[in-house]
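Take a look at the structure set out below.
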Amino acid sequence: MSPEYQKVDVETLPYDEVMPRVGELFDELMTHPDAAVRDRVEEMMDLFDAFHREGLGRLVEMIRAWRGEIFLDSVANDDITGYFLSAYDFGEAPDDRDAAAAADAVDAAMEELRPMIESHGGMITVEEIKDGVVKLQMMGSCDGCPSSTATLTGGLEEALRRHWPNFRRLEVVEPAAEAEPALPEPEPVLLKIGRKPISL
């Protein structure tokens, strides 16, 4: 670390200058002559990132579960909280570029596994990409196959993490069950009222 380093007063630093300052410190520390120091700094930043991504992702899911879309829109439009949502691709994207980038990353990951899946007579379709969660539907011979589950939790998740830094988890959506034909309503049984039989 250079001798002219001046510690910033965190209490007086404007909020919109916090993250740029973090970036400056990270860049400076990543040029440290000691490789062990560089590795620890990088690990620390990765841990912070993973912790914030999962915690914020769970918060967004809870808000959605309580039908808080209007509240979530307000959060996304705020200068500070909106930054967190957009940084991790949560909530409504401020423009189509972020959503398109996430979709492209998922497509790239899917392409790595698609030949193997199709060679087994199966097919995987992406149902939804939202808040770091990718929802997939497995069809054909993949549906209900234990080896398909292993493929998803192994190779596909690894590919998704590699292509999309904000990926959190994978969810398999069950194919919609075909509606069974309705049985015809039984005709009402009419009761016949007659005279009481005469006993002899």
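The values are calculated or read from the model by the stated rules, or taken from the named source; none is laboratory data. The structure displayed is predicted, hence computed values, not measured ones. Glycine gets a Cβ as well: all are built from the backbone with ideal geometry, and neighbour counts include every protein chain shown.
At a glance:
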| item | result |
| --- | --- |
| Every residue from region 8-27 that is closer than 15 Å to residue 44 by Cα and either of a type in the set (Asp, Glu) or touching a Phe, Trp or Tyr at 6+ places or on another chain (Cβ under 9 Å) (or both) | 27 |
| Residue satisfying all of: in region 77-131; at pLDDT 80 or above and in contact with a Lys or Arg (Cβ under 6 Å, 6 or more places away or on another chain); farthest from residue 50 (Cα to Cα) among these | 127 |
| Those residues of region 7-24 which are in a helix (DSSP H, G or I) and either among the aliphatic types (A, V, I, L, M) or touching a Gly at 6+ places or on another chain (Cβ under 9 Å) (or both), in sequence order | 18, 19, 22 |
| Filter result for residue 67 (within 22 Å of residue 127 (Cβ to Cβ) and of a type in the set (Lys, Arg)) | yes |
| Lone unmet requirement of (1) out of contact with any helix residue (DSSP H, G or I) (no Cβ under 8 Å at 6 or more places or on another chain); (2) assigned to a strand (DSSP E or B) for residue 123 | (1) |
| Residue check, residue 26 surrounded by 11 or more Cβ atoms within 10 Å (Cβ to Cβ), modelled with pLDDT of 85 or more and under 18 Å from residue 88 (Cα atoms) | no |
| Qualifying residue in region 137-156 (condition: modelled with pLDDT of 85 or more, within 27 Å of residue 90 (Cβ to Cβ) and not aromatic (Phe, Trp, Tyr)) | no |
| Which listed residue, of 54, 28, is under 23 Å from residue 134 (Cβ atoms), of a type in the set (Asp, Glu) and outside the structural domain of residue 131 (by TED's automatic domain parsing) | 54 |
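Let's see how each residue does on (1) β-branched (Val, Ile, Thr); (2) surrounded by 13 or more Cβ atoms within 10 Å (Cβ to Cβ); (3) touching a residue at least 12 places away in the same chain (Cβ under 8 Å):
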{"position": "14", "(1), (2), (3)": "no, no, no"}
{"position": "19", "(1), (2), (3)": "no, no, yes"}
{"position": "35", "(1), (2), (3)": "no, no, no"}
{"position": "38", "(1), (2), (3)": "no, yes, no"}
{"position": "56", "(1), (2), (3)": "no, yes, yes"}
{"position": "61", "(1), (2), (3)": "no, yes, yes"}
{"position": "65", "(1), (2), (3)": "no, no, no"}
{"position": "75", "(1), (2), (3)": "yes, yes, yes"}
{"position": "81", "(1), (2), (3)": "yes, yes, no"}
